[in-house]
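Comments concern the structure below.
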Ligand SMILES: Nc1nc2c(ncn2[C@@H]2O[C@H](COP(=O)(O)OP(=O)(O)OP(=O)(O)O)[C@@H](O)[C@H]2O)c(=O)[nH]1
Ligand SMILES: [Mg+2]
């Protein structure tokens, strides 16, 4: 495609030669981007890379405007065996005349963005010579579902089965887990689990995991993560086991698969990818959880507990021994905050902050090197106030996505509408209170992405509309810059 991310000043040949010479000395920072499915990972990475690399006279973020000669461009990633983040495809979709959100991605992927700026050199300062400083930023996008599996590492098949079956038999899950529990009860006690039964059972169990995630955020805590988000393991026999109690010989096939899942899938992911991260952003769809009421929000909190456990393993655990360096900054971002009015955005941040704080207390993490904020990587709405019968409503206006129903009307994706999503509670604790926070109190509509012209300078303020993308960038990478 025609779109170029190389700064105009640098010819490709010059850029390549210089890369070979200086790459050995260029620092690398690896930023992990995670979150559950549809939490906004792809839109975030695409927006960030676009705002940094679009060739512009004025850098998009205020943090960059004081940096002499700042520029950013994509370079080949260092790991040939990891799929590349399809930046060009995603940006093409967003910059088209009929912009659409990027397609769902189900895999780990990576992108190398190189930042460059001019700095007076110590030796040649008197001669006013500038030297080029460089920083490689390797962005790694991976499904948050995979973090769930960390808990399995130290568990036996028996312990894992007991824990999972206890959740499945709980009142909250009884309806959803019925088909799987009926399947388990129907198994002949005299027979060992064979291949066909393992396949059938894992299908029913996977369906349960998928259903549980649709109805609530329970999928945050139940795994295996690859059953929900298989990546390149779709259909693999390694994903054919399920939780079951029984004599060692009866469940031996399931136990063998469980152990091979741990050693062939879970451990390599943590060793190869997770352990190498320096910084991390966790995108959290807090709005969807709020819409599920207090129960869903409490489940979200448990999910975040799992995430924190991965980032802050206790001393002497398998993971702590593996991590030679520690992720020193974690950003928890409530994504898609353009779905609500500015008055509620601060409240959303406060609710996320409560979730993370309570979860981190239980995990007993040390240090306060995390931050919570509301983020909209690509803002699709504007804030408006409407007064009806003397009452003021804080609303948002945008082009409602095709198929969305607002106030009983189905939209076809061509019309703009003013939507009142509801006001978030002023006291964040009210959102966790089952007597106050009932499900379906809010009306968050999906909006189409805004029309962004190709060839314009989208990095310029206002042209790539966002909320807090610059703050996110500064928190994650600001200390590497002058
Ligand atoms: N209004 C608005 N919607 C957003 C924003 N970011 C994401 N979305 C919506 O959320 C959906 C999911 O965003 P993605 O970036 O694809 O999420 P993801 O985490 O990469 O999803 P998977 O690839 O399926 O795991 C998009 O299709 C949009 O509908 C945003 O900043 N504003
Ligand atoms: Mg994605």
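Scanning the stretch 96-113 for residues that are buried (at least 18 other Cβ atoms within 10 Å of the Cβ) and either free of Cβ contacts under 8 Å to residues at least 40 places away in the same chain or touching a strand residue (DSSP E or B) at 6+ places or on another chain (Cβ under 6 Å) (or both) gives 109, 110, 111, 112, 113.
Only one residue in 433, 427, 412 is farther than 21 Å from residue 65 by Cβ and at pLDDT 95 or above. Which one?
On the way: 433 fails: at pLDDT 95 or above; 412 fails: at pLDDT 95 or above.
Answer to the check: 427.
Reported count of residues in the stretch 69-118, each being farther than 20 Å from residue 30 by Cβ and part of a loop (DSSP other than H, G, I, E, B), is 12. Looking at 78, 99, 143, just one residue is under 27 Å from the mean Cα position of the chain (by Cα), within 16 Å of ligand 1 (Cβ to nearest atom) and more than 30 Å from residue 212 (Cα to Cα), and that residue is 99. Does the stretch 327-335 include one or more residues that are within 16 Å of ligand 2 (Cβ to nearest atom), under 30 Å from residue 431 (Cα atoms) and either modelled with pLDDT of 95 or more or out of contact with any strand residue (DSSP E or B) (no Cβ under 8 Å at 6 or more places or on another chain) (or both)? Yes, the stretch 327-335 has at least one match. I'm trying to understand the selection: among the residues of the stretch 176-205, which are touching a residue at least 24 places away in the same chain (Cβ under 8 Å), surrounded by 12 or more Cβ atoms within 10 Å (Cβ to Cβ) and part of a helix (DSSP H, G or I)? 176, 177, 179, 180, 184, 198, 199, 201, 202, 204, 205, listed by residue number.
A residue that is at pLDDT 90 or above, more than 16 Å from ligand 2 (Cβ to nearest atom) and in a loop (DSSP other than H, G, I, E, B) occurs nowhere in the stretch 36-59.
State yes or no: is residue 274 in contact with a helix residue (DSSP H, G or I) (Cβ under 8 Å, 6 or more places away or on another chain), more than 21 Å from residue 176 (Cα to Cα) and at pLDDT 90 or above?
On the way: in contact with a helix residue (DSSP H, G or I) (Cβ under 8 Å, 6 or more places away or on another chain): yes; more than 21 Å from residue 176 (Cα to Cα): yes; at pLDDT 90 or above: yes.
Yes, satisfied.
Kindly evaluate residue 168 against the criterion of being touching a helix residue (DSSP H, G or I) at 6+ places or on another chain (Cβ under 6 Å) and buried (at least 17 other Cβ atoms within 10 Å of the Cβ). Explain how you work it out, then say what you get.
Values: touching a helix residue (DSSP H, G or I) at 6+ places or on another chain (Cβ under 6 Å): yes; buried (at least 17 other Cβ atoms within 10 Å of the Cβ): yes.
It is true that residue 168 is touching a helix residue (DSSP H, G or I) at 6+ places or on another chain (Cβ under 6 Å) and buried (at least 17 other Cβ atoms within 10 Å of the Cβ).
Please verify whether residue 85 is over 23 Å from the mean Cα position of the chain (by Cα) and either farther than 21 Å from residue 145 by Cα or within 15 Å of ligand 2 (Cβ to nearest atom) (or both), treating the condition exactly as stated. No; evaluated as a whole, the condition is false for this residue. Could you give every pair whose Cβ atoms fall below 8 Å, whose first residue belongs to the stretch 300-316 and is within 9 Å of residue 363 (Cα to Cα), and whose second residue is assigned to a loop (DSSP other than H, G, I, E, B), counting only separations of at least 6 or pairs across chains? So the pair list comes out as 306/221; 308/365; 312/365; 312/366; 313/323; 314/364.
The values are calculated or read from the model by the stated rules, or taken from the named source; none is laboratory data. Note that the coordinates shown come from a computational prediction; the quantities given were computed from them, not determined experimentally. Here the Cβ is made from the backbone with ideal geometry for all residues, glycine too, and neighbour counts use every protein chain on show.
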